[in-house]
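Structure first, commentary second.
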Amino acid sequence: MNPTLFTWMIALPLGVSPLVYLAGRLGSHKMELTNIRSWLVRGLALLTLSATWLLFILSWDKFIGSNENLQFNLESIWLRADGVSFLLAAMVLGLGTFVVLFSGPYIAGEVGEEKYYAMLLAIVGIMIGLGCARDLFNLWMWFEAMAVSSYLLVAFYREHPASLEAGMKYLVQSATGSVLVLLGIALVLGNTGTLDMDKIRLAISAASSTPLGLVLAGALFVIGFGVKVAFVPLHTWLPDAHSQAPSGISAMLSGVVIEAGLVAMLRALSTLGGFSVSWGMLLLAFGALNMFYGNLMALRQTQIKRMLAYSSLSHIGYILIGLGIALVNGSPAGAQGAAFHLFNHTIMKGLAFLAVGALMFALLDQNGIHRPLEVNDLSGAARKYPLAALALSIALLALGGLPPLAGFMSKWQIFVAGFQGSNPWLMGLVIFAALNSVLSLAYYAPVVNMLYRRNVGAVVEGGASIPLTMNIPLVILALAVVVIGLLPSLMSWLTEPAAQAFLVMFGK
Amino acid sequence: MTLNPLNIILFGVVLLLAVGFYGLLITRNLIKIVLVLQILVKAVVLALVLAGKASGNLGLGQSIAATVIVADTIVAVVALALAVQVRRRAGTLDIARISTLQG
Amino acid sequence: MAAILIGLVIGLPWLGAIVLWRTRDETPRLQHTLAVAFSIAAGVASLALIPFASAETVISFPMGRFFGSLTFTADGLAVTLTAIACVIGSLAVVFSVDYMRGEEQLSRYYAFVLLFIGAMTGLLLSGNLLFMFFFWEITALCSYALISFYNDDPKAVAGGIKALIITQVGGVGLLAGALTTYATLGSYQISDLLADAGKMPAGILALVAFGVLAAAAAKSAQFPFHTWLPDAMEAPTPISALIHAATMVNAGVYLLARFYPAFEHVPGWKLSVTVVGLVSALITAFMALTATDLKRALAYSTVSQLGYMVYAIGVGGVFASQFHLLSHAVFKALLFLSAGAVIHSAGTRDMLRMGALGKQMPFARNVFILGALALAGLPILNGFWSKELVLEAGLDRGPLWAYIGMLLGAGMTAFYTLRMTWLVFFGEVRESLHVHDAGKAMKVSLGLLAVGTLTTWLLAGPFGEMLHETLPFHSIHRLNLSELAHEIFTAPATYVALLVVAFGLVIFWMVRNQPTVKNEAWMDFLSRESFGFDWLNRQVAARTVQFASVLQKTQTGVLSWNVAGILGALLAVLIFLVWSVR
């Protein structure tokens, strides 16, 4: 089988994306065709994603079978698929499929439906590509493409000033970050004369001391990509963007886009691997800050999507701690835990946003109300929407780290790493992280409580029903959260190669 | 620091960056923000060419710079489109006046 | 066979939970029937498990890298507590048939009760620290969900979240213990920890030991985490009986007993355990003296009795503590459930509004008195034997001051027990409440528990023997029945204790006619604030929220500030990197 098959995972969604757009414009002057167009667009998107899944399986097979990274080159552009690429691809594809499935009724009839799906497909392809970049500039290109498509998706409700505001802030901050990344790339280029990651590594390891320019480049990478990953205090765009975007996009943003940013950052940093302990300590510091800040900010939120957005900050914190520990003491448990938590965060946060989206759709959108969903609106929602309420509860409790749900197991794996090596600082940090998990229950648990109240609130009373196509992703994701919580080794086929690739990347 | 051409360009990069970041910190008009972002990008373009030259790989630096110009034009277009929408819906281009999301 | 039974004991309640979650509120009869069926089946399975008690690991299922193996070990300690959990669990469910009649959302209620029973047995039978913690957390979740069952009542919601947060904070200790064990010994197996504790570096072992102590104290509502249990009384009464008296709160004591051989040589550990037990027993007994809410009074007494068990472990009396645990589980479940029968029909928990209810509800009165006598420690009820055993262990092996403190506690226990009984069932009628005696299902559970209160002490011999046989790392001070009787009746300590108990009773008798007059203000204050710890909890919560609101101002929503954040962070990172690369 062809080892370059994996590039089709990137090319297919990217290539079909304009077709989806065109299909959505077919006979657009005929109103009676709206439904047919809508079905066509969704069908095409789903079909493409299914085909991409097939490609994923085939190339995975090749990857595992040959036990080495898959490479592809077109002139001087190189793409390489390693464990991290496949982890990201699986997350993106998985969540992308569910979001497309979910968005059917959610977006149906909105202006620009075809753009929504076209962008969604494009962003899936772009993110898979981002995971495979082997060249710093190439990496930046994917990163920038991802950013541009996500601006458009965040500002999808272009008639609402709040969405526009969120989109604009997101754009300006991201663009600032992207400028910083480019500066870093310029510095690397100036100091090493190349942008190929492997060659940079070679050049740096040959040099006797680290030039100051590369240190500066490292700082620029951390901050530049860090804007996208929402490191505190670079996170300020995130709560706005995640709460204002359509729920399916919130799920994508929170579930994979910030994670893709993290992958990009790690790729870039790994080329400067000369001082990986410093990177580790930086990641640990940002991790602790993100965790604490995100939890405290979430504690006071009354809008549920904003609360979930802040909870993403704290979960990025856990992932950073896992990665930081892996860099500081080379522990495979930390890398694998971080990879596992990345994956779990995708399904948990994806589930949470989709469940909230389903409730929002039924309670507000169907009644023509456009405003954020408040926690108090959910009073007694379990009466009328048992499935969505259960799914949301499972997602929230999993995010809070309660067993037998997925979040518990991946947090545990990260915590294990912190205790290995008996470094008192790391042990203290893990205990701090565990206490943060407890703190997070203080805002997750009341929402669950609200859902199961006996008092059915007025908003729930007047809610419409949730369509089946929205419920299907909820059921599957909720089951996944529970099953992974009971059998954590179920995902190690994916997380173990990712952890390995991560450690190789940093030369551990 | 001697006054060779490379250093002059470096000085230009730093100056443009300073202008750009200062502009970002004080500007409230959306169109101006887009302009300021473009100044930053131009600084970067200059930096990339400079880096190419300094490392003896000018061709690479230049080709990247050209690509960056294209890519960031797209960002500028999207930003301007958003700004137009903001002006239409909110009736102002002042980002501070439309900022409602906080806390 | 043991493997199948373990599977049944955990699996049946969980299956039941899933089935009940799917039932609809329109069919309450079906819900009651299913819940009773599943819980009784689990109870039968748990009793059937007892003969198979052994120290061997019966189930082992590898869970993947860094997670160890999911193992179950049904040793004497585990099977006994499992039987307590399942049997009292099924009695509580039977009781609920009457108590919860006509309530809404029964499916949620029963699902969580059954989920709890399964998780509790999992916690007890687990041979792996990770999965012990796993089940530990599920019990906390169930406890939270059930305390907040009446979730339209802000008090219930607040009580639930308080219980959840406090037990979770303590749980971090168990987490740290488990992680440390894995990091040093490379295994989560409890038997490995018990066998190789000596090989661990002293500081590390101390971390594990005190971590476990913190977790145990939080779960068993011991000082300084004792504040959550009284507030947990907002739960439906069968839940208070099951989770907050007979099973979950015992998990802490169980943990200490389980790990005792590993930690007994850690300097200061035994003393700390003793002090935790002593302080808890005394301050909550003190709070029970003035309590006017029937359930809160019982909750205080639960903490106090758990203090006795913790104290017993601190002085090395593992058998005494577990024996008291058995007795306490039975008589306290009896007390709670009979109190539940009273509350259910009186519609209030305020003892000052009750009085002379005994005539109208003779059955509830009789069983309550039986439980009260056991709690006070009067012969020949089960509480007498086990409490004497605890005190004797304390006198033999513990510090004298602690023993004297516990004796004082016994006196206070007698006082408040009699006071409770008197206020509810005797004395004058203070308010005419229309009450009726316990229902049929209630009577079944109460009757069985009353029989248990009268007889479980007869199990001392086989219980001790089983612990001795199946706990290879513990040295159990076992006694058969005649030895027990001989030891208790010939020890002068027994008579001292009985004297103190009698003294407590007499004092109450002297003031019985003004039990309701206002208490001393300082006593009231200390009780209301749990000796200042409630204040502390509130302060921590309030400060956290306050800090969070201050922090909210950092999210200005102003673009310039956002960009300033980016540039500031860049500067900070740069400084750090330049500093660290040097």
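The values are calculated or read from the model by the stated rules, or taken from the named source; none is laboratory data. Everything quoted here is computed from the prediction, not taken from an experiment. All Cβ positions, even for glycine, are placed from backbone atoms using ideal geometry, and neighbour counts span all protein chains on display. All accessible areas refer to the heavy atoms of the entire protein, side chains included, with ligands and DNA or RNA removed. Shrake-Rupley method; radii C 1.70, N 1.55, O 1.52, S 1.80 Å.
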Next on the checklist: Nearest 10 degrees is fine. How inclined is helix B:5-26 to the longest principal axis of chain B, computing both from alpha carbons?
Outcome noted: 10
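C plus A alone minus the pair: what accessible area, both sides summed, probe 1.4 Å, in Å² to 100?
6200
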Next on the checklist: For segment C:27-96, report the % of Cα-Cα distances exceeding 17 Å.
Outcome noted: 54
Next on the checklist: Taking the Cα centroid of segment C:273-344 and of segment C:134-209, what is the distance between the two, rounded to the nearest whole Å?
Outcome noted: 21
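Taking R0 as 45 Å, what FRET efficiency do you get between B:Ile8 and B:Asp94 from their Cβ-Cβ distance, rounded to the nearest 0.05?
For B:Ile8 and B:Asp94, the calculated efficiency is 0.75.
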Item to check | Helix-only [θ]222 nm of chain A, DSSP H runs n ≥ 4, -39500 (n - 2.57) each, per residue, nearest 500 | outcome: -25500 deg cm²/dmol
Next on the checklist: Please report the equivalent ellipsoid semi-axes of chain A, computed as sqrt(5 x eigenvalue) of the Cα gyration tensor, largest first, in whole Å.
Outcome noted: 35, 27, 20
Next on the checklist: Can you give me the distance in nm between label points at A:Ala51 and A:Ser76, each placed 7 Å from the Cα along the Cα-to-Cβ direction?
Outcome noted: 3.3
Checklist outcome for this item: Amide H neighbours of C:Ser69 at under 5 Å, excluding residues fewer than 5 places away on the same chain, with H built from the backbone geometry, are C:Met63, C:Tyr188
Checklist entry - Cα gyration tensor of the protein assembly as shown, axes a ≥ b ≥ c as square roots of the eigenvalues: rounded (a/c below 1.5), prolate (a/b > b/c) or oblate? => result prolate
Checklist entry - Given a cut-off of under 8 Å on Cα pairs at least six residues apart, what relative contact order in percent is computed for chain A? => result 16
Checklist outcome for this item: With the 1.4 Å probe rolled over protein heavy atoms, the protein assembly as shown has an accessible area per residue in Å² of 33
Next on the checklist: Going 7 Å from the Cα of A:Glu110 along its beta-carbon direction, which residues of segment A:150-173 have the amide nitrogen within less than 18 Å of the resulting point?
Outcome noted: A:150-171
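Taking the Kirkwood radius as the inverse of the mean 1/r across Cα pairs, report the Rg/Rh of segment A:273-508.
Here the Rg-to-Rh quotient is 1.03.
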Checklist outcome for this item: Rounded to whole angstrom, the alpha-carbon centroid of segment C:49-77 lies from that of segment C:354-373 at a distance of 43
Checklist outcome for this item: In segment B:5-98 the accessible area split gives carbon plus sulfur, as whole percent at 1.4 Å, a share of 71
Checklist entry - Rounded to two decimals, what is Rg over Rh for chain C when you use alpha-carbon atoms and the Kirkwood radius? => result 1.00
Next on the checklist: Given a Förster distance of 45 Å, report the FRET efficiency between C:Ile404 and C:Asp437 from their Cβ-Cβ distance, rounded to the nearest 0.05.
Outcome noted: 0.60
Checklist entry - In whole Hz, what ³J(HN,Hα) sequence does segment B:65-82 give by Karplus (6.51, -1.76, 1.60; θ = phi - 60°), x for Gly and Pro? => result 4, 4, 5, 4, 4, 4, 4, 6, 5, 4, 4, 4, 4, 4, 4, 5, 4, 4
Next on the checklist: Rounded, prolate or oblate, given the Cα gyration tensor of segment B:5-98, with a/c below 1.5 counting as rounded?
Outcome noted: oblate
Checklist entry - Over the alpha carbons of segment C:456-549, what is the largest minus smallest coordinate on each principal axis, giving the biggest first in Å? => result 61, 46, 21
Item to check | Theoretical FRET efficiency, 1/(1+(r/R0)^6), r = Cβ-Cβ of A:Arg300 and B:Arg28, R0 22 Å, to 0.05 | outcome: 0.20
Checklist entry - In whole percent, how big is the carbon plus sulfur part of the accessible area of segment C:220-287, probe 1.4 Å, protein atoms only? => result 71
Checklist entry - What are the DSSP H helices in chain A that stretch 24 Å or more along their long axis, judged by alpha-carbon atoms, and whose average Kyte-Doolittle hydropathy comes to at least 1.6? => result A:83-107, A:212-229, A:468-486
Next on the checklist: Am I reading the B/C interface right? What is its buried accessible area, both sides, 1.4 Å probe, to the nearest 100 Å²?
Outcome noted: 800
Next on the checklist: Translational diffusion coefficient of segment A:438-508 at 10 °C, 1.306 mPa s, Stokes-Einstein with Kirkwood Rh over Cα pairs, in µm²/s as a whole number.
Outcome noted: 97
Checklist outcome for this item: Expected integer from the mean partner chain Cβ neighbour count at 10 Å over B:22-28 is 4
Next on the checklist: Please enumerate, by chain and number, the aspartates and glutamates with C-alpha under 19 Å from the C-alpha of A:Lys384, excluding those fewer than 8 residues away in the same chain.
Outcome noted: A:Asp365, A:Glu374, A:Glu461, C:Asp25, C:Glu26, C:Glu103, C:Glu104, C:Asp152
Item to check | Accessible surface of segment A:273-508, 1.4 Å probe, proportion on carbon and sulfur as whole % | outcome: 67
Item to check | Under-5 Å amide H pairs with C:Asp293, H placed in peptide plane, nonlocal only | outcome: C:Met351
Item to check | Filtered trypsin sites (Lys or Arg not before Pro), segment C:71-161: DSSP coil and at most 16 other beta carbons within 10 Å | outcome: C:Arg101
Checklist entry - To the nearest 100 Å², how much accessible surface do chains B and A cover up together, summed over both, with a 1.4 Å probe? => result 3100
Checklist entry - Binned at 10 Å from 0, what are the whole-percent values of the Cα-Cα distance distribution for segment C:540-581, short to long? => result 25, 29, 30, 17, 0
